[in-house]
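The values are calculated or read from the model by the stated rules, or taken from the named source; none is laboratory data. This one's a predicted model, so the numbers in the text were calculated from it and none came from an experiment. Every residue, glycine among them, receives a Cβ derived from its backbone with ideal geometry; neighbour counts consider all protein chains shown.
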Amino acid sequence: MRKKLIIGNWKMNFNMHEASLYLHKLMNMLPSHRDVEVVLAPTILTLQSLSLQINRRIAKLAAQNCYWRDSGAYTGETPVAHLRGIADYVLIGHSERRYIFIESEKDIRLKVQAAIRNRIRPVLCIGETIQERTLGETKDVLADQLTSGLANVTAEELGEVVVAYEPVWAIGTGDNAKAIDVKKATQMIRRHISHLYGKKAAESVRILYGGSITPASAADYLAIDELDGLLVGAASLDAYQFKEIISKAHKG
Ligand code: PEP
């Protein structure tokens with residue numbers, strides 16, 4: 001049974017002091033929900049100090065990005081190997097990385113492989129642009145991004161991978177996708193992974209939705225059977241809103 005996963009992506013927000021205050025507040029508000037895994041993705045600079053402060057029974061940490069080589073002359077990059085013992089997850093191929101920092105499919109594929117090699121779970125972000133959606137290309141875009149992003153992953157490693165469906169047009173725009181469209185995209189994603197690896201292996205992958213989620217819209221997505229959780233940007237910057245979203249994932 002796949003455990004629900006709620007990730008808060010802080011993007012480039014919160015300095016050390018602010019991040020620490022937020023974490024203190026959230027740790028005091030959240031019980032350790034055994035049926036929901038909570039993950040925070042702070043900036044790289046705050047990650048290590050938060051790792052010393054966080055109660056891992058309540059929440060875990062993710063990096064927002066990484067480099068795929070373990071060491072070398074790559075000024076400014078963070079090797080995924082250095083995340084070990086600090087972060088449990090790493091976001092890979094977020095649309096802001098793909099479209100602002102022009103990350104290629106090859107970069108993304110190598111990062112996914114490096115994360116698995118270093119026992120950090122990759123959260124592979126995929127999704128169509130508004131132009132691709134208008135042209136009816138969503139299914140092909142998702143299939144291509146999955147085929148490429150997972151190209152170096154074996155069936156045995158697949159259970160370590162999380163896929164986040166994040167339509168580019170829904171991120172940071174307030175224009176969240178309809179639950180019915182998220183359901184269809186989730187089905188397309190699992191069907192394609194099944195096509196690549198077989199049904200059993202595909203069942204081990206957790207699939208999330210991300211894009212302008214609010215406490216008011218979260219429940220509709222969490223009611224989708226095939227969906228395993230949410231990747232939350234702006235609404236995760238408010239500990240109370242994030243807690244409300246998490247509580248909707250908690251059953252019983
Ligand atoms: C994100 O950054 O992954 C995201 C979904 O952002 P927002 O919730 O702000 O759209």
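Table for the structure above
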| read-out | value |
| --- | --- |
| Verdict on LEU50 being within 27 Å of ALA19 (Cα to Cα), in contact (Cβ under 8 Å) with a residue 12 or more places away in the chain, away from the ligand (no atom under 15 Å from the Cβ) and among the hydrophobic types (A, V, I, L, M, F, W, C) | yes |
| Filter pass, LYS25 being farther than 20 Å from ASN118 by Cα and in contact with a Gly (Cβ under 8 Å, 6 or more places away or on another chain) | no |
| Count - residues of region 164-185 that are in a helix (DSSP H, G or I) and either within 16 Å of the ligand (Cβ to nearest atom) or under 16 Å from GLU96 (Cβ atoms) (or both) | 7 |
| One residue from ALA87, ALA62, ALA19, ALA73 being within 16 Å of the ligand (Cβ to nearest atom) and at pLDDT 95 or above | ALA62 |
| Tabulated pairs, region 12-28, first more than 23 Å from ARG97 (Cβ to Cβ), second in a loop (DSSP other than H, G, I, E, B), C-beta under 6 angstrom, 6+ apart or interchain | MET27/ASN55; MET27/ILE58 |
| Selection status of ILE102, touching a residue at least 24 places away in the same chain (Cβ under 8 Å) and either in contact with a strand residue (DSSP E or B) (Cβ under 8 Å, 6 or more places away or on another chain) or assigned to a loop (DSSP other than H, G, I, E, B) (or both) | no |
| Qualifying positions in region 189-209 - buried (at least 17 other Cβ atoms within 10 Å of the Cβ) and out of contact with any helix residue (DSSP H, G or I) (no Cβ under 8 Å at 6 or more places or on another chain) | ARG206, LEU208 |
| Region 127-139, subset without any contact (Cβ under 8 Å) to a residue 12 or more places away in the chain and not in a loop (DSSP other than H, G, I, E, B), residue nearest to TRP68 (Cα to Cα) | GLU132 |
| Filter result (surrounded by fewer than 16 Cβ atoms within 10 Å (Cβ to Cβ), over 20 Å from GLU226 (Cα atoms) and of a type outside the set (Val, Ile, Thr)) within region 156-188 | GLU156, GLY172, GLY174, ASP175 |
| Residue satisfying condition, being within 15 Å of the ligand (Cβ to nearest atom), buried (at least 20 other Cβ atoms within 10 Å of the Cβ) and not in a loop (DSSP other than H, G, I, E, B), within set LEU142, LEU146, LEU124 | LEU124 |
